[in-house]
Structures are given as structure tokens and as C-alpha cells.
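Working notes, structure below.
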Amino acid sequence: MTAPTMKVTRELVRMACRAPSIHNTQPWAWRLTAADTVELYADRGRQLDQIDPEGRALTISCGAALHHLVVAAEGFGLVAGTHLRPDPDNADFLARIHLEPGETTDASVQTMAALENRMTDRRGFTDWEVPGTRLHHLADAATGWGAHALPVTDPGLAVRVGTLVEEAGREERENTDIATEQEDWIAHSPVDGVPVSNASPRPSGGVERSPDRFNPGASSARTGSSDALLLLFTSADDQSAWLATGQALSAIWILAAQGGLSLTPETQVIEVARTRQQLRHSLLDDLGHPQVLVHVGWQESSRPPQVPTPRRDLEDVLLP
Ligand SMILES: Cc1cc2nc3c(=O)[nH]c(=O)nc-3n(C[C@H](O)[C@H](O)[C@H](O)COP(=O)(O)O)c2cc1C
């Protein structure tokens, strides 16, 4: 039986900060009110005002960090109970997490290890197919968090998605404010932003890189290749839905990493209101709200490991 201590709880927060975030902005702040109680806040100073004026991507990023914290706690043999949005008068207070003694299991330790290995690898996937059963298994991981994931297996719909992704990318590139904000977050600082080596990795293993927001000029349409696609969506489109999406994204990503699969989110198509609406219409019959599109595939097995993106020091993310 493990009991939470300040030292362990600080380590849990460090691991939570390994979560993915839009442009590696790490838009979160944490308060350790006791060894067994952690609070998660949105850091609005790190919101992308042009790309993400509503705070959707910021909140999804925080949801992913929250899920990471819970996974890390379980890996340490703790049980984490989460109370979402505990203060109705403070929208930035996203969650209070209470830690209780519990037991470690082999499964929880393995899941925690996958958290440290997860990363966004933009070097392009091989053309090995992702079996439908694997894709549906990943999609199922979204459900427990209040979000859903739709496998896009129909080739015609995948082409439609690819067209919308291209249109969204073009629209953002033509908007000087948005393009400048994205540029600012490439090699932003030694502790945040997307390093050039991760935004524009050198090709390796003979696999051609697919287009993405950091590399729009790549030759093959990513969605026209063998990438499998999942669309994360929710029934509402508010802060609670975005938090749920972040938790689901993290759950899917960690599960994918455990199974040797690689995952790359694509959110330009969500950020541009027009393409988000069209995606909603084409894939969800106007019934749900698209939140994140993810590409799933296999990396070339002989590739050297990628250098992880940096994170801020723990002291910088802890509130007094
Ligand atoms: C909400 C959200 C949106 C993202 N959107 C994109 C995207 O459109 N394109 C992309 O290449 N990566 C995207 N990412 C991945 C981030 O750039 C990545 O998580 C961050 O740089 C940290 O790197 P890591 O995932 O390797 O730890 C997104 C991540 C999150 C959480």
C-alpha cells in the first residue's frame, strides 16, 4: 500500500507535464495544497490568442495533462479521484485531484512507462496498414472520458477530410496573425514551443514525410496515404467537453504508444470555423462537435529515437 507524500506528488505533476499541448505551450499551472491534493488551473497567459481564441486547444491540452497525472498516480500505486471544474465562479480552476493509498499493478506501471515514451513524431508513417480492430480498440478508449472517437474508414470520407485539412492549412497560412503566432512557437525557448528538430524532422528510413501544419509543402496528401484517421468529438462544445476531449486524447495516445502505434493530432481543420462546420456536417451529420483529428500509423522500426520536446521546470508550473 503506497501513501502520497509531497515528493511523490511533485513527481506526479512533473510526469503530468509530459502531456501533449498545442504548440507545446504547456498552458497549465498546478497547486499542491497538500501531499494528497493537487489543483489544476488553465494558464491564460499561454493561450494562443490568434489560433485558439476560445481556449479550446488550451483546455484540451490541460485535459491531457490531467489524464497524465491520473495515469502517473496509478503507476505509483495511488488512486486519483478527480473533481472537474470545482469552482463555478472560477472557469480557470479546471480540476481538483485527490490522491488516496492504493496498490500498484503490472498494468498500471506499464501504462505509466508508455506516458514517458509518448511523443509527436512527424517523420511520416510507413504504409503498413493499421488493422481495423486496432483502430476501433483505440476509439473505445475515448468513451470513458465523456468524448467519442470515430474511425474514418470510408475512403471517400477520408479524401473529403484530406481536402478540408488542406483548405484549413491554406486559410491559416494566408492569415498573417495566425501564421506569425505559429512561427513564434517554433523554437520558442529552450523550455517550451516546438523545436525545429521536431517541427521539421529530417526524413529517415526511406519514408517520405506527409504534409502537416509545420510542413505544408510535403508531396503526398497525408490523408490520402495509409494513415488511419480518428475524429474525436463530443456532444456539447464547451469547456467540460474540451476537458473530456483532452483526457480521451491522452488515453488513446498512451494506449497507441503501448501498442507500438504512433499518433499525430491535426487541429487546423478544427481551428478554422468553416472547415470545422464542414467536418461536422460530413462526418457527424451535424450531431456532434469535432474536437481533434488524429492520424494513426506505424513508424519505420529502424528509425533512431526522436529527441523529446522540452518542458518547463517544475517550479515554473507550481503556484504558491
Ligand atoms: C490540442 C492539441 C492540438 C495539437 N495540434 C497539432 C497539430 O495541428 N499539428 C501537429 O503537428 N501537432 C499538433 N499537436 C501536437 C503538439 O504540437 C505536441 O503535443 C507538442 O509539440 C509537444 O510535443 P510532444 O507531443 O512530442 O510531447 C497538438 C497537440 C494538442 C494537445
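Report yes if some residue within the range 67-76 is outside any helix (DSSP H, G or I), outside the structural domain of residue 247 (by TED's automatic domain parsing) and open to solvent by less than 10 Å² (accessible area, probe 1.4 Å); otherwise report no. Checking the range 67-76: not a single residue is outside any helix (DSSP H, G or I), outside the structural domain of residue 247 (by TED's automatic domain parsing) and open to solvent by less than 10 Å² (accessible area, probe 1.4 Å).
The residue that is nearest to residue 268 (Cα to Cα), among those in the range 190-220 that are of a type in the set (Val, Ile, Thr) and at pLDDT 85 or above, is 194.
Taking the criterion of being open to solvent by less than 60 Å² (accessible area, probe 1.4 Å), away from the ligand (no atom under 12 Å from the Cβ) and more than 18 Å from residue 27 (Cβ to Cβ), the only residue of the range 187-204 that qualifies is 204. Taken over the range 250-267, residues that are part of a helix (DSSP H, G or I) and open to solvent by less than 10 Å² (accessible area, probe 1.4 Å) amount to 5.
Name every residue in the range 275-298 that is assigned to a loop (DSSP other than H, G, I, E, B) and either open to solvent by 40 Å² or more (accessible area, probe 1.4 Å) or acidic (Asp, Glu) (or both), in order of residue number. Residues satisfying the conditions are 285, 286, 287, 298.
Restricting the range 119-133 to residues that are in contact (Cβ under 8 Å) with a residue 40 or more places away in the chain, among the β-branched types (Val, Ile, Thr) and more than 12 Å from the ligand (Cβ to nearest atom), the residue that is surrounded by the fewest Cβ atoms within 10 Å (Cβ to Cβ) is 126. For the range 6-35, a tally of residues being of a type in the set (D, E, K, R), more than 16 Å from the ligand (Cβ to nearest atom) and part of a helix (DSSP H, G or I) returns 3.
The values are calculated or read from the model by the stated rules, or taken from the named source; none is laboratory data. Just so it is clear, the model here is predicted, and its values are computed rather than measured. Every residue, glycine among them, receives a Cβ derived from its backbone with ideal geometry; neighbour counts consider all protein chains shown. Heads up: the accessible areas ignore ligands, DNA and RNA and are worked out on the full protein's heavy atoms, side chains in. Shrake-Rupley method; radii C 1.70, N 1.55, O 1.52, S 1.80 Å.
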